[in-house]
1. For the stretch 242-253, name all the residues that are hydrophobic (A, V, I, L, M, F, W, C) and surrounded by fewer than 24 Cβ atoms within 10 Å (Cβ to Cβ).
2. Note down all Cβ pairs under 6 Å where the first residue falls in the stretch 248-276 and is more than 18 Å from K153 (Cβ to Cβ) and in contact (Cβ under 8 Å) with a residue 40 or more places away in the chain, the second is open to solvent by less than 10 Å² (accessible area, probe 1.4 Å) and of a type in the set (S, T, N, Q), and they're at least six residues apart or on different chains.
3. Among the residues of the stretch 134-153, write down those that are open to solvent by less than 10 Å² (accessible area, probe 1.4 Å) and more than 23 Å from R253 (Cβ to Cβ).
4. Scanning for something under 21 Å from G123 (Cα atoms), of a type outside the set (F, W, Y) and not in a loop (DSSP other than H, G, I, E, B), does the stretch 244-264 turn up at least one residue?
5. Residues to consider are K124, K103; find the one that is over 19 Å from the mean Cα position of the chain (by Cα) and of a type in the set (K, R).
6. In the list I40, I48, I8, which residue meets the criterion of being over 19 Å from G123 (Cα atoms), β-branched (V, I, T) and at pLDDT 85 or above?
7. Output the residues belonging to the stretch 160-219 that are aromatic (F, W, Y) and either at pLDDT below 80 or surrounded by 20 or more Cβ atoms within 10 Å (Cβ to Cβ) (or both).
8. Only one of K33, K78 is among the charged types (D, E, K, R) and either touching a Cys at 6+ places or on another chain (Cβ under 6 Å) or surrounded by fewer than 17 Cβ atoms within 10 Å (Cβ to Cβ) (or both). Can you tell me which?
Amino acid sequence: MEGNTKFISPFHRPRCLAAAAPGGKAKLTHPGKAILAGGIAGGIEICITFPTEYVKTQLQLDEKANPPKYRGIGDCVKQTIKGHGVRGLYRGLSSLLYGSIPKSAVRFGVFEFLSNHARDEAGKLNSTRGLLCGLGAGVMEAVVIVCPMETVKVKFIHDQSSAKPKYRGFYHGVSEIIRTQGVRGTYQGLTATVLKQGSNQAIRFYVMTSLRNWYKGDNPSKSINPVVTGTFGAIAGAASVFGNTPLDVIKTRMQGLEAHKYKSTLDCAVKIMRHEGVRAFYKGTVPRLGRVCLDVAIVFIIYEEVVKVLNGIWKTE
């Protein structure tokens, strides 16, 4: 009898861990909780980090052919505050805020849905499957939320740099874009956006999954404190910045007010290379690096903490 117990127990241990241990089973987050927690995390994060997104977008829209309006990050901030006040650094926040909440909700909801079907009996998700689940989440958020949101945001920011801004606010801007360009006007740069978001989330979730697996080792129930989660998130964010900033630059150009100059995503890339060189593909890298590292760290911390709270008040099993 004792021999049977010793033989059977190790065989069933992963399933028991997934069912009983808080850490092991917590990995199987209900998609509903992920949607709610993701939305909350996305809303808080964008309010904190938007000024860096504004500066990044301005620098990416500042083409050499114009010639450049800004001499760097500091000059961009200085000119913006001088011309529009501190509130100028938050121009376009409404469009991004309205989109960031559902964007994060879709991202984490889809990721948890896919990953719940990709985990082993111990509730563990390997790095390769983490990458594929992240890719799926990124593509979905790009098509449903990010492309129209980013198009409106870029047009708002670009509009402010013109002599006579024509958009008076979020709803006025969206109505004007749809009135003059149709719904397709909010879907400029879709291909570039799908490539950017897909690779973004694939890289981030791959890095996060790898780091979490390394940290937990052979104990899937081991908890991770917020500081460690934030550190892992910052590393994942940095990896995604260096991995796909060229796609981000192309996406921004394809969504700007002068997007009509480009016949396609490929044409945009070719023209940037021909007229501005390789360095143009990395415009805005520094402000984007700061924003994304902070962004990803904050989002993952808030997301994980909100899920913990929801697990205590929302029983799904």
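The values are calculated or read from the model by the stated rules, or taken from the named source; none is laboratory data. In this text the structure is predicted, and so the values were computed from the model without any measurement. Positions of Cβ are generated from backbone atoms using ideal geometry, with glycine treated the same way; all protein chains shown enter the neighbour counts. Accessible surface areas use protein heavy atoms only, side chains included; no ligands, DNA or RNA. Shrake-Rupley method; radii C 1.70, N 1.55, O 1.52, S 1.80 Å.
1. F242, L247
2. Cβ pairs passing all conditions: none.
3. Within the stretch 134-153, G134, A137 qualify.
4. No: zero hits.
5. Answer to the selection: K124.
6. Going through I40, I48, I8 in turn, the sole match is I40.
7. Y167, F170, Y171, F205, Y206
8. The match here is K78.
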